[in-house]
Amino acid sequence: MSGNKIETIHDTVLKVRLVFFDIVHELPYEGPCRFGKGMELERQFDEMINNEAYKGIQMGIKFNLPEGVEMLEPKRYVNHTENWRISEEEMRKLCVGSEETDVYLASTTGRTGEMITEFAQMVKKPIIFVGNDYGATINTSAMLAKGIETYSLLSWKQFKQQLRVLRARKALANTRVLCVSRFGHDYSLHDANDSFVSLDKVTEVLGTKFRFANLHEVIDQIHEIDPTTNYTTPGRKQENINEEDMVDVNAVIDELMKDADPCVMERENMVPSVKMYKLIQKLLEANECNAFTANCPDACSTCRINKERFTFCITHSLNNEQGIPSACEYDITAAVSKAALQAISGKPSYMGNTAVLTLPDGTLTEDGYVLHFSKDHVGEEKWNALRGVPNMVMTQHSVGNRKMKGFDEEGARFAIRPFAYSGFGVTMRRDFDADAGQVITMCRFSPNCDQLLVSRGTLKNGFGYDMDNCTHGALFQIDDTQKFYNAQIHVGNHVPFVYGDYYEEMIKLGEILGLKVLAC
């Protein structure tokens, strides 16, 4: 695929800085809070201990930074003594560089809790303690009581996990969703009306921003014409597909046709959808966005999709492979939920219609009115195999991708098939059967952005690989489908998932965002 200049969520870097507080005793004496023998009571001994502890904590950080986290130059308050005087000058020196620091790891060799608290109040950044000792519990409880964002962790493993969660929060705040709409902005009554009720609220809670483009103006721009002559924007220069763009379009089609197993589309039927993918890439870059969603029913009912012979399906698949969360049906909530999963896992996600298939006792919910046409898509053999298997769920949309195991994955087996039975609309279909046994993690924000569903399960198989239309999906087993359904009715239909177990991290992310976590 051709490169682009889009700053993706995967590019987000969390910057952590160590702030270390020495304490030395000026005089050799023993008492209720100090004891030792000989040299252990001398100032030089304290200085030696401080230096060793300072080096040790730096090594601990260095070897426990997860991907996407950078360690900045540490800061150190030297020679604080038991006269308890705090130097304002030295404290200000510690604060230098706070504007580029996302989180501080605080460490000390003695009773400096009041200094750490004052420092935290000065920089107004999250503080982390690592290690199980009385000082951590003293300082953490005191700082939490003062409203300071503080985390006390028992191990370096927890440290890595917490940094991933904090990085995900920063990534959400750096997410800008390009929303291609026909009618409204916040959500579409004809598409995903279970999406966010207020995007202003989402920006307030998550920091995520939204940019908008009109559906008709976008569709005009797939034509290779003078970019100032579009019907909907005459005279205004737009991002129309041009001759240079068509080089990339043809390269993408060549790659898909060569690698697909199988590709059952004619080249001419692939061109319009891949042109739309290229156009969306240009619009993402022009609008400085790194996530995407567009109408489906609203767009379909214009009949322009049928006339132009494209769908957004392959756009979503290829966007997700490149670290750009991309969601069907103008489901802005799904796009932001995908961003959260990607930020935690470092992998692209998959989304679709999500429905419970079997109850905890293994009863199959066969009501065709509830499941619409899904039974036909799953196929008779796999459908019948569900009987008696407890807690099965399906997710179904024809927007699979090849990189579910990581952006550096060479690419899993996939098929290229049309969305429309008349032959147009490129869809990518991943072979989910080959990934049976894979643990997955799911999440979805609620419409009011005050709750977060978090769940995990085990992929059992897939369906629709050899079918056309929106028939592609995955079947997976979770702990309790009744509990899952009770949570899902508060968040909505599309529940994206990623490969891997990130259940605990997603719960922590919901908590630090101040959301009610619906863990199921």
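The values are calculated or read from the model by the stated rules, or taken from the named source; none is laboratory data. The model shown is predicted, which means the values in this text are computed figures rather than measured ones. Counting neighbours? That spans all protein chains shown, and the Cβs are built from the backbone with ideal geometry, glycine included. The accessibility values were calculated without ligands, DNA or RNA, using every heavy atom of the protein model including side chains. Shrake-Rupley method; radii C 1.70, N 1.55, O 1.52, S 1.80 Å.
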Checklist entry - Excluding ligands, DNA and RNA, what is the solvent-accessible area per residue of the chain at a probe of 1.4 Å, expressed in Å²? => result 43 Å²
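Let me have the 222 nm mean residue ellipticity of the chain computed from DSSP H runs of 4+ only, each contributing -39500 (n - 2.57), with the sum over all residues rounded to the nearest 500. Show your work: numbers first, answer last.
Values: 18 runs with 185 residues, N = 520.
Computed ellipticity for the chain at 222 nm equals -10500 deg cm²/dmol.
When DSSP assigns beta bridges and you keep just the ones with both residues in the chain, what percent turn out antiparallel, to the nearest 5?
Antiparallel bridges make up about 45 percent of those DSSP assigns within the chain.
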Next on the checklist: What is the distance in Å between the Cα centroid of segment 296-318 and that of segment 155-232?
Outcome noted: 18 Å
Checklist entry - Simple spin-label model, 7 Å along Cα-to-Cβ: Arg304 to Val13 in nm? => result 4.0 nm
Checklist entry - Of all accessible surface on the chain at a 1.4 Å probe, what whole percent is carbon and sulfur? => result 50 percent
Checklist entry - Taking a 1.4 Å probe, which of Trp156, Trp84 shows the most accessible area, and what order do the others take after it? => result Trp84, Trp156
Checklist outcome for this item: The simple spin-label model distance between Glu42 and Thr229, using points 7 Å out along Cα→Cβ, in nm, is 9.0 nm
Checklist outcome for this item: Whole-Å distance linking the alpha carbon centroid of segment 58-79 with that of segment 437-508 is 36 Å
Item to check | Added length on full extension, which subtracts the Cα-Cα distance from 0.36 nm per residue, Asp186 to Val78 | outcome: 33.6 nm
Next on the checklist: For a Förster distance of 30 Å, can you work out the FRET efficiency between the beta-carbons of Asn469 and Lys160, rounded to the nearest 0.05?
Outcome noted: 0.10
Item to check | Most to least accessible of His80, His223 (protein chains only, probe 1.4 Å) | outcome: His223, His80
Checklist outcome for this item: For Glu380 and Lys62, extending 7 Å from Cα along the Cα-Cβ vector and measuring point to point gives, in nm, a value of 6.6 nm
Next on the checklist: As an exercise, take the mean of 1/r over every pair of distinct alpha carbons in the chain, invert it, and state the Kirkwood radius in angstroms.
Outcome noted: 25.2 Å
Checklist entry - aspartates and glutamates within cross-link reach of Lys508: Cα-Cα under 15 Å, excluding same-chain residues under 8 positions apart? => result Glu149, Asp450
Checklist entry - Stretched out fully, how many nm does the piece from Asp433 to Arg111 gain, at 0.36 nm a residue minus the Cα gap? => result 110.1 nm
Item to check | Modelled FRET efficiency - R0 35 Å, Lys55 with Ser87, Cβ distances, 0.05 increments | outcome: 0.90
Checklist entry - Any idea of Tyr277's accessible area? Nearest 10 Å², probe 1.4 Å. => result 10 Å²
Item to check | Shape of segment 395-500, Cα gyration tensor, a/c cut at 1.5 | outcome: prolate
Checklist entry - If you place +1 on the Cβ of every Lys and Arg and -1 on the Cβ of every Asp and Glu, how big does the dipole about the Cα centre of the chain come out, in debye to the nearest 20? => result 540 debye
Checklist outcome for this item: By accessible area (1.4 Å), largest first, Lys160, Lys338 order as Lys160, Lys338
Checklist entry - Taking only C-alpha pairs under 8 Å that are 6+ residues apart, what is the relative contact order of the chain in percent? => result 14 percent
Checklist outcome for this item: Using alpha-carbon positions, the gyration tensor of segment 212-324 gives root eigenvalues a ≥ b ≥ c; with a/c under 1.5 called rounded, otherwise prolate if a/b exceeds b/c, else oblate, the class is rounded
